[in-house]
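Computed from the coordinates by the stated procedures, all read-outs in this text should not be read as laboratory data. These numbers were taken from a predicted model, which means no experiment stands behind them. Cβ placement follows ideal geometry from the backbone for every residue including glycine, while neighbour counts extend to all protein chains displayed.
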Amino acid sequence: MDFTASSATLLNIKADSLILATGSQLENSAADLDKSLDGAISSLVKAGDFSGQAGESLVIHIPGSTGKRIILIGSEGANTVQRQIKVIEAGAAALLKTASSKAVWVGEGLTEDAEWEASMVARSVQAASYKYQAVPETSAKKPKPAKLKSVVYWTPKKSALTAAKNGLIYGASVGNGMNVARQLGNLPANICTPSYLASQAKALAKGQAKVTTSVLSEAEMKKLKMGSLLSVSAGSDQPAKLIVIKYQGTKASVKPTVLVGKAVTFDTGGISLKPGGGMDEMKYDMCGGASVIGVMNALIENQLPVNVVGIIPATENMPNGHATKPGDVVTSMSGQTIEILNTDAEGRLILCDALTYAARFKPDTVIDIATLTGAVIGALGKVTAGLLSNDDELADALLASGTKSGDRVWRMPLWEEYDELLKSNFADMANIGGPQAGTITAACFLARFAKTYKWAHLDVAGTAWVSGAQKGATGRPVPILMEYIRSKAN
Ligand code: BES
Ligand code: MN
Ligand code: ZN
C-alpha cells in the first residue's frame, strides 16, 4: 500500500474514492463537495440515509461517473481519541469493502492533529486489508490481494504536510506490525511451533543491518540453568526455543527497552489439563511473542532511532510421560525454587527465566507481554489489557501510550498482601496464588524475577484475540508498544 500526503486542490486529485468525516451539518470540504454535486450529499442526509453519528458510514456513488464514490463517515460526538479511532476504523472498513484502488482521505472535521490522524488512517487501512494467509501445508488457495493500492491523505494545511507524511509512515508500520502478529496468532499450532517462530524471527533479520536474531536451543537453556522454562517444554515433542531479536537503531550506549513475549504455541494445560471446550483458542497463547515480532517488523519498516531487544520464550505446554507433575519443584535460572502446583500456570514459568535472562542486556526498561490469565478477562473484559508495574513513571507512560494509540491498558496493584499468597511449604514460592486475584498473583510471581530493573507486565489474555464468528488475532498490543517506544525516541 502506498501512502502519500497532499494539500493540493481537493477535486484535482485523481482518485476513485473520497473519504470524508462529517456530522449531519456539512462544513468546509463537505459543503464544497455537496455544492459541486448539486446537493447530492445533503439530499441523502435530509432523506435520513446518514445521521452523521460516529461509527456510521455511507457510500455514495457519484452519478455520471464510472466507479467513483464518496464514503461519508459520521463524526458527530467523536470528542475522545477512542471515538475518533472508531470513526477512522469505520472509514477504513467501508473503503476496503469497495473496489476502490486509489482513495483520497480528507483530513478535516475530526481532529486538528494531522500527524496523529494520518497515522491512524494508515494503520487502520493496513489493518483493514489483512487477510489470513493459509500456509501451503493447510491450503492451496492464496487470498486475493486487496484492490486498494494507494491512499492520499489530504490536509487543508500546507504546514501540516511534513507531519502528515511522518504519521503515514509510522502508522503504516504499526498496521503492518499488527498484521504480522495477527498472522502468526491465527496460524494453527501444528504449523506455528516454537521452531516456526524461530525461523520467522531469523527471516526478519535477513538483510537488515540493524537487526540480529539468535535462537537458544534446549541444550543451551539447560547450560543457563533455565529449569523453570524447561519444565514447561518437558512434556512436548516439539523442542523449546529462546528467541532473541536485537534491533539497534541508535548508538550502543543507549540502554535498550527489552520486550519479553510469552509464546506458548499451544497450551493444553499440561497434566493439569484444560477442559476441551474452546481449547483450540489456546493456539493464541503465543500472541505475546507474536506482538514482539510485530513490533520488530514495525521498527525495521520505520527505522526508528531506538534500541530494542525482543526475547521470546517459545514452547508448547503438553502432557506426555516426561511432563511436569503438580507438586514438582524446579529451580529457576535466578536460583529461586518453584513448587508447580498447577501445570496450567505455565506462562509465568517460562517468563521468569526470560526475565532473568533479560538483565544481561542492561535494560533501561523491561516490558513483558503475555496471555497470562483468564482472570484478567473477568476483571477487565476484552476492552483493555491489564498493566502491572514496579515503577510509577513507567506505568504512567504506558497508560498515556495506550490512550494515544487507542490500545488501552489499565493498572492493577502489586501489593505485598497479594504476593504473600504465593507461599509454598516446599519451595521459595508456588506457581499459583489460589482462586482470588489471579492476574495480580501471576504478576507478583513475575515481579520476583524483575527486581533489578524498571519493569511492566501487560496481561493481554482478553485483548490479543477475539472469539466467536469473528475469531481472529487483533494485533494488540503492537500499537501501545510502538507508541511507547516512539515516545522514548523523541
Ligand atoms: N494461557 C492461559 C491463560 C488464558 C486462559 C488466556 C483463557 C486466555 C483465555 C494460562 O496459561 C493459564 O492457563 N492460566 C491459568 C492460571 C491458573 C491455573 C492459575 C488460568 O487463567 O486459568
Ligand atoms: Mn495455561
Ligand atoms: Zn498459557
Using the 10 angstrom Cβ neighbour count as an exposure proxy, how do LYS202, LYS246 rank, fewest first?
-> LYS202, LYS246
Fully extended contour minus Cα-Cα distance, from LYS158 to ASP2, at 0.36 nm per residue | 54.1 nm
Please work out how much length the chain gains when fully extended from SER51 to ASP396, using 0.36 nm per residue of separation minus the C-alpha to C-alpha distance, in nm with one decimal.
-> 120.5 nm
By count of other Cβ within 10 Å, fewest leading, how are PHE50, PHE449 ordered?
-> PHE50, PHE449
If you take every DSSP beta bridge whose two residues both sit in the chain, what share of them, in percent to the nearest 5, is antiparallel?
-> 40
Per-pair calculated FRET efficiency, R0 = 25 Å: ASP280 and GLN133 via Cβ, rounded to 0.05 = 0.85
Pairs beyond 26 Å (Cα-Cα), from LYS210/LYS488; LYS142/LYS404; LYS14/LYS158 | LYS142/LYS404
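Restricting to Cα pairs below 8 Å that are 6+ residues apart, what does the relative contact order work out to for the stretch 2-180? Please round to a whole percent.
Values: 330 pairs, mean separation 53.1, N = 179.
Relative contact order comes out at 30 percent.
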Taking a label point 7 Å from the Cα of HIS322 along the Cα→Cβ vector, which residues of the stretch 189-221 have an amide N closer than 12 Å to it?
-> 218-219
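Would you calculate the convex hull of the Cα atoms in the chain and tell me its volume per residue in Å³?
Output value, Cα hull per residue: 151 Å³.
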Label-point gap, in nm, between GLN208 and ASN79 - each point 7 angstrom along Cα→Cβ = 4.3
Starting from the Cα of ASN425, step 7 Å toward the Cβ, then list every residue of the stretch 345-368 with an amide N under 14 Å from that point.
-> none
Calculated from backbone phi, Karplus (6.51, -1.76, 1.60) coupling profile of the stretch 481-488 in Hz, x at Gly/Pro = 5, 5, 4, 5, 5, 5, 5, 6
Please work out the Cα convex hull volume for the stretch 308-358 and give it in Å³ per residue.
-> 77
Fewest-first sequence of HIS457, HIS322, HIS61 by Cβ atoms within 10 Å of each Cβ | HIS322, HIS61, HIS457
Tell me the label-point distance for the pair GLN336, ILE62, using the 7 Å Cα-to-Cβ offset, in nm and rounded to one decimal.
-> 6.3
May I ask for the angle, rounded to the nearest 10°, between helix 81-97 and the longest principal axis of the chain, with both axes built from Cα atoms and the value confined to 0 to 90°?
-> 70
Over all distinct alpha-carbon pairs, what is the Kirkwood Rh of the stretch 1-56 in angstrom?
-> 12.7
For the stretch 129-181 and the stretch 374-391, distance of Cα centres in Å = 29
Counting helices only, and only those DSSP H runs with n ≥ 4, report the 222 nm mean residue ellipticity of the chain as the sum of -39,500 (n - 2.57) divided by its residues, in deg cm²/dmol to the nearest 500.
-> -11000 deg cm²/dmol
In whole Å, largest first, the alpha carbons of the stretch 136-261 cover along the principal axes 60, 48, 25
Which of the peptides 79-86, 111-118 is most tightly packed, and how do the rest follow, going by the mean number of other Cβ atoms within 10 Å of each residue?
-> 111-118, 79-86
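Suppose the chain between TRP415 and ASN166 were pulled fully straight at 0.36 nm per residue; how much longer would it get relative to their current alpha carbon spacing?
Gain on extension, TRP415 to ASN166, equals 85.5 nm.
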Could you work out the local net charge near PRO239, counting Lys and Arg as +1, Asp and Glu as -1, over the other residues with Cβ closer than 13 Å to its Cβ?
-> -2
What list of ³J(HN,Hα) couplings, whole Hz, do you get for the stretch 155-168 from phi and the Karplus terms 6.51, -1.76, 1.60, once you set θ to phi - 60° and write x for glycine and proline?
-> 10, x, 9, 4, 5, 8, 4, 5, 4, 4, 4, 4, x, 5
Residue-count net charge about SER405 - beta-carbon cut-off 12 Å; Lys, Arg +1, Asp, Glu -1 | +3
According to the Kirkwood expression over distinct Cα-Cα pairs, how big is the hydrodynamic radius of the stretch 105-165, in Å?
-> 13.7
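With the contact rule set at Cα under 8 Å and sequence spacing of 6 or more, what percent relative contact order holds for the stretch 188-489?
Across the stretch 188-489, relative contact order equals 21 percent.
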Cα centroid of the stretch 233-305 to Cα centroid of the stretch 78-123, whole Å = 30
extent check for the stretch 316-466: Cα max minus min per principal axis, descending, whole Å, gives 47, 35, 30
Return the sequence-ordered ³J(HN,Hα) values of the stretch 300-316 in whole Hz as given by the Karplus equation 6.51 cos²θ - 1.76 cosθ + 1.60 applied to θ = phi - 60°, using x for Gly and Pro.
-> 5, 5, 8, 6, 4, x, 9, 10, 9, 10, x, 10, 10, x, 10, 7, 8
Considering only DSSP beta bridges with both partners in the stretch 258-383, what is the antiparallel share in %, to the nearest 5?
-> 25
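Restricting to the stretch 2-180, what percent of DSSP beta bridges are antiparallel, rounded to 5?
Of those bridges, close to 20 percent are antiparallel.
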